[in-house]
Amino acid sequence: MKKIPYSNSAPIFAHFELSEEAEQFVEKEAAPIDVIEQLKEAKCFIELANFFAHALPVREAIWWCVHALKVRQQEWTAAELRLIDDCMLWVRDPNEAIRRSIEQQISKLDDNRAPKWLGQSVFWSGTGSIAPADNPVVMPVEHLYAKAVAGAVNTAAVLPEWNDYQTYYQRVFSIALDLANGGSGTSTRGND
């Protein structure tokens, strides 16, 4: 895979832990594509979202998250849709002004809303300080953005509540695979 260039998955698993259930199905030293298939077959969707979030490069992971949230775009408020669009802008042009604007937007959202975690992933992307603008620079912990990406994708799968989470996961994992293989992440959607 072009964007997940590891011969085995051990470096990815160095950044997050699998659940006990998923541990039974996954060979951590296997190639990433094999781990993806193992998690998919075992229906360990939360862990697979974590795997993609940690395996993809920062901007690709956030781009994936943008498109994952667009799958449920009818569920988001106008403010959340603006935030998603701003996150998309940041991926295309990662600059501090957009990142700080996103910081302001997420401060007004509830923690149980997937768009907040998408915005948090941009803020924690490692491209700038996470301290208030006038304070000394404090950089985020490595891969903190990935935890927010996985949180956003997994939250969107179940909140607001619905019964179609398995179809959602199939769709967003197709987007992630397209990105991992060097695609734009939009070819499986039919639109942008």
Requested in this report: Starting from segment 5-30, take each residue that is over 22 Å from Leu144 (Cβ atoms) and list its partners that are open to solvent by less than 100 Å² (accessible area, probe 1.4 Å) and of a type in the set (Asp, Glu), counting only C-beta distances under 8 angstrom and pairs at least six apart or across chains.
Outcome: Val26/Glu47; Glu27/Asp34
Requested in this report: Tell me which of these Gly128 doesn't satisfy, since it passes every other one: (1) part of a helix (DSSP H, G or I); (2) open to solvent by less than 20 Å² (accessible area, probe 1.4 Å).
Outcome: (1)
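Looking at Tyr165, Tyr169 in this structure, which one is aromatic (Phe, Trp, Tyr) and open to solvent by 20 Å² or more (accessible area, probe 1.4 Å)?
Tyr165
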Requested in this report: Quickly run through segment 9-34 and pick out the residues that are over 23 Å from Asn181 (Cβ atoms) and among the polar types (S, T, N, Q).
Outcome: Ser19, Gln24
Query raised in the report: If you go through segment 46-59, how many residues are surrounded by 21 or more Cβ atoms within 10 Å (Cβ to Cβ) and in a helix (DSSP H, G or I)?
Result: 9
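Can you confirm whether segment 91-108 contains a residue that is open to solvent by less than 20 Å² (accessible area, probe 1.4 Å), touching a residue at least 12 places away in the same chain (Cβ under 8 Å) and closer than 15 Å to Ala157 by Cβ? Talk me through it step by step, then tell me what you get.
First pass over segment 91-108, keeping only residues open to solvent by less than 20 Å² (accessible area, probe 1.4 Å): 91, 99, 102, 106.
Pick out the ones that are also touching a residue at least 12 places away in the same chain (Cβ under 8 Å) and you get 91, 99, 102, 106.
Those left that are additionally closer than 15 Å to Ala157 by Cβ: none.
There is no residue in segment 91-108 that is open to solvent by less than 20 Å² (accessible area, probe 1.4 Å), touching a residue at least 12 places away in the same chain (Cβ under 8 Å) and closer than 15 Å to Ala157 by Cβ.
Can you tell me which residue is farthest from the chain's Cα centre (by Cα) among those in segment 86-119 that are part of a helix (DSSP H, G or I) and under 22 Å from Glu161 (Cα atoms)? Working first, answer last.
Residues of segment 86-119 part of a helix (DSSP H, G or I): 86-92, 96-106, 114-119.
Filter again for under 22 Å from Glu161 (Cα atoms), leaving 106, 114-119.
Values: Ile106: 16, Ala114: 10, Pro115: 11, Lys116: 12, Trp117: 9, Leu118: 7, Gly119: 10 Å.
Only one residue fits best here, namely Ile106.
The values are calculated or read from the model by the stated rules, or taken from the named source; none is laboratory data. Note that the structure is predicted; figures quoted are calculated from it, not measured. Note that we place each Cβ from the backbone using ideal geometry, even for glycine, and neighbour counts take in every protein chain shown. Just so you know, the surface numbers come from the protein's heavy atoms only, side chains and all, with ligands and any DNA or RNA stripped out. Shrake-Rupley method; radii C 1.70, N 1.55, O 1.52, S 1.80 Å.
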